[in-house]
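The structure appears right after this line, and notes come after that.
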Amino acid sequence: MPKLTFLQLEPIKLPIVARFYKEFYPAGKPKRDEAIFLTYQENTLIGSVRFKSIDKHQLLTGMLIHPDYRQQGIGHQLMEFCRQRINLTGCYCFAFEHLVPFYSQHGFQSLEPQKLPPSLLGRFNRYSNSGKSLCAMIFISNP
């Protein structure tokens, strides 16, 4: 596999990431106020993950690996890159049920939705009520 490059998005390049999400994950809409981390293979954007600040909390959201590059460990490498650059203590994510094992490998643990901070619980309920099968998770420690 050719060399991968990982970096944090410069806000001026947001349109590039917005096109990536529009093509492969239309519900994910990156915003300027998010910390966004990217994975490139040569000059091709192949992965992204976003961290949104909500009140005093952080929500990992919108992780996306290009469909042609999935199941190759790129998501794991991207998560490791993020863990080395930002403090994930108390970070939450709403994982699709089939991705719970993935996030568990990166220090996240499931928690009852009622234990979410109020600012996140409302968002979790909205997403769940729209038909998404989600699991609330919190980052506890490095595995």
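May I ask you to list pairs of residues, at least six apart or on different chains, whose Cβ atoms are under 8 Å apart, with the first in segment 67-96 being farther than 24 Å from K132 by Cα and the second being in a helix (DSSP H, G or I)?
L88/C82
Which one is nearest to G90 (Cα to Cα) among residues in segment 50-65 that are surrounded by fewer than 18 Cβ atoms within 10 Å (Cβ to Cβ) and in contact with a helix residue (DSSP H, G or I) (Cβ under 8 Å, 6 or more places away or on another chain)?
Top of the filtered list is H57.
Working carefully through the options G73, G47, find the one that is in contact with a helix residue (DSSP H, G or I) (Cβ under 9 Å, 6 or more places away or on another chain) and closer than 22 Å to V17 by Cα. Don't jump to the end; show me each part of the working.
Values: G73 fails: in contact with a helix residue (DSSP H, G or I) (Cβ under 9 Å, 6 or more places away or on another chain).
Matching residue, one of G73, G47: G47.
Which residues, counting only those in segment 31-55, are part of a loop (DSSP other than H, G, I, E, B), without any contact (Cβ under 8 Å) to a residue 60 or more places away in the chain and of a type outside the set (S, T, N, Q)?
Of everything in segment 31-55, those that are part of a loop (DSSP other than H, G, I, E, B), without any contact (Cβ under 8 Å) to a residue 60 or more places away in the chain and of a type outside the set (S, T, N, Q) turn out to be K31, R32, D33, E34, E42.
Tell me which residues, restricted to segment 43-71, are in contact with a Leu (Cβ under 9 Å, 6 or more places away or on another chain) and closer than 26 Å to K3 by Cβ.
L45, I46, G47, S48, V49, R50, F51, L60, M63, I65, H66
To keep it simple, each residue is scored yes or no on (1) closer than 15 Å to S53 by Cα; (2) in a helix (DSSP H, G or I); (3) in contact with a helix residue (DSSP H, G or I) (Cβ under 9 Å, 6 or more places away or on another chain).
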residue	(1), (2), (3)
Y92	yes, no, yes
H98	no, yes, no
H106	no, no, yes
S119	yes, yes, no
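Per-residue answers, yes or no, for (1) touching a Cys at 6+ places or on another chain (Cβ under 9 Å); (2) under 29 Å from E42 (Cβ atoms):
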position	(1), (2)
F81	no, yes
Q84	no, yes
L88	yes, yes
C91	no, no
A95	yes, no
F102	no, yes
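When I12 is evaluated against the numbered criteria (1) hydrophobic (A, V, I, L, M, F, W, C); (2) modelled with pLDDT of 95 or more; (3) exposed (fewer than 13 other Cβ atoms within 10 Å of the Cβ), which criterion, by number, is the only one it fails?
(2)
Residues G28, G75: which one is surrounded by 13 or more Cβ atoms within 10 Å (Cβ to Cβ), part of a helix (DSSP H, G or I) and among the small types (G, A, S)?
G75
Output the qualifying pairs, or none if there are none: Cβ atoms under 6 angstrom, residues six or more apart or on different chains, first residue in segment 98-123 and buried (at least 17 other Cβ atoms within 10 Å of the Cβ), second residue of a type in the set (S, T, N, Q).
Filtered contacts from segment 98-123: G107/S141; G107/N142.
Can you tell me which residue among F81, F139, F96 is modelled with pLDDT under 95 and closer than 23 Å to I36 by Cα?
Exactly one residue qualifies, and that residue is F96.
The values are calculated or read from the model by the stated rules, or taken from the named source; none is laboratory data. Just so you know, these numbers come straight off a predicted model, no measurement behind them. When we count neighbours, we look across all protein chains shown, and the Cβ atoms used for this are built from the backbone with ideal geometry, even at glycine.
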